Amino acid sequence: MRKIVSLVILASFATFAVAQRSNAPVPPPVRTGPAHLSTVAMIDLPGRPGFQDIAFANNLLVVSQTNANAIDVFDPQRRRLVAQITNIAQPRGIAIDAKNNRFYVATANSTIAVISSQDWEVKDSFSVDGSADVLALSADGMRLYVGDKANSKLTAVDTSLRQSIGSTDLGGRPESIAIGDANTIYVSVQDQATVVSVDPQIRVVNQFKLQASQPAGLVYNATSRRLYVAVRSGVLALNADNGSEVARVAAPRGVQTLSFDAASHTLYGAGGGSVISLNTAGGLTSIDELPADVKGHALVFDPNRKLLFLPGGREGRSKMLIVKDLVPGASQSSVPAEAKLR
C-alpha cells in the first residue's frame, strides 16, 4: 500500500512539474468524496460578455463589464440586476470604500471614477499618471493603490487630495494587489514570475521569485501571514515575511482570481473553465473542482449566503453564475495526492 501511495504522489508531482514547464494542462482531480461545490443558478445579464472585476458594495455586487462600458449592480438576494451605471469607459479594477459609501473604478484614459454605493451615481473622477488597471484600497481608506500594466509600476494616491503621493517601478506587469499589515503592499508581477512587497514609502523591499510562472490572483491571510497566489496550473502558499514557498497544489490552467473566506479557512479560485475550493487550515489542500458553465475569471465569495458569484460569457451572452459551497472549509475524505505535496 505504501508503495502504491508513493507512486501516486510521484506521478502527481510529475504532472504538475511538466505543466509548469509546458503548455500541458493539469487534469482535474478525481472526486473521491461528495461534491462540495454545486451550481445553483445562472442569471442573464445585459450587454456583451467581458468582465474584469467584482466586489460587494453596500450589500450589493458591483461588476465591471468592460465590453459594455458599464458597471452592473446585482442584488445577490433577489438574484437580479437592480441598476447599471453606463458611460464608464472600459471599466477594470474596483476598490470598495465601505466607510464612505463609495467605490473606485479604474477606467480608460488614465482615469479613476468615484461612484456612490447609495445612489449608484458617479460623484467625481480624477486622473493618474499612466494606465489605471488594478486597484486596492488601504484599510483606513486613505490610500488607493493603482497598478499600471503598461508602464510596470505601482502608484499610491491620497484619496482626500486625489493626488499621487508616490510610485515605484515593479519591473513587470502587475496583475493583482493585496494589502498586508501596516500598509505593506504585495503585488503579483506576471511576466517576472515574482511577488513584490512594497513598504508605506512606496519602495520595493522584497522580490519573491516563484518556482512557477504567470502569477495572477493574490490574497493575504493576516492570521497565518500567508500569501496565496494563483500561478499557471497551480496555487502556491508563501510565507509573507520572506517569500518562501510553504505549500502548493495543482489547479486547472487558467485560474486567475482568488477569493478568501477567513471564517472557514477556504480559498476559492476561478478561471480556465473551473471554480475550485482549497482548505488553507494547516497548509493548502484541494477540496473540490467544479466545471464552470461560463467563461470568466472575476470571482467573489458571499460569506453570509455561502455563495460564489462568477460573471462571464456563455454562447456570446453575459451571465452570472452562482455556486454554492455546501460544506465550506471541509476537506474530502480522500484528498488528491498533489494536494499533499509541500
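The values are calculated or read from the model by the stated rules, or taken from the named source; none is laboratory data. The model shown is predicted, which means the values in this text are computed figures rather than measured ones. Virtual Cβ from ideal backbone geometry, glycine too; neighbours counted across all protein chains shown.
See the values below:
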quantity: Candidate set from the stretch 222-250 (those that are touching a Leu at 6+ places or on another chain (Cβ under 6 Å) and of a type in the set (G, A, S)); member that is surrounded by the most Cβ atoms within 10 Å (Cβ to Cβ); calculated: A230
quantity: The stretch 69-84 - residue that is free of Cβ contacts under 8 Å to residues at least 60 places away in the same chain and within 22 Å of the chain's Cα centre (by Cα) and, of those, farthest from L310 (Cα to Cα); calculated: N69
quantity: Exclusive hit being aromatic (F, W, Y) and touching a Leu at 6+ places or on another chain (Cβ under 8 Å), set F51, F74, F56; calculated: F74
quantity: Which numbered condition Y268 misses (of (1) modelled with pLDDT of 95 or more; (2) out of contact with any Phe, Trp or Tyr (no Cβ under 6 Å at 6 or more places or on another chain)); calculated: (2)
quantity: S277 of a type in the set (S, T, Y), assigned to a strand (DSSP E or B) and within 17 Å of the chain's Cα centre (by Cα); calculated: yes
quantity: Residues located in the stretch 295-342, provided they are modelled with pLDDT under 95, in contact with a strand residue (DSSP E or B) (Cβ under 9 Å, 6 or more places away or on another chain) and aliphatic (A, V, I, L, M); calculated: L326, V327, A330, V335, A339, L341
quantity: Any hit, the stretch 251-259, residues being part of a loop (DSSP other than H, G, I, E, B) and surrounded by 23 or more Cβ atoms within 10 Å (Cβ to Cβ); calculated: yes
quantity: From the options N23, N69, N59, residue that is at pLDDT below 95 and closer than 23 Å to G312 by Cβ; calculated: N23
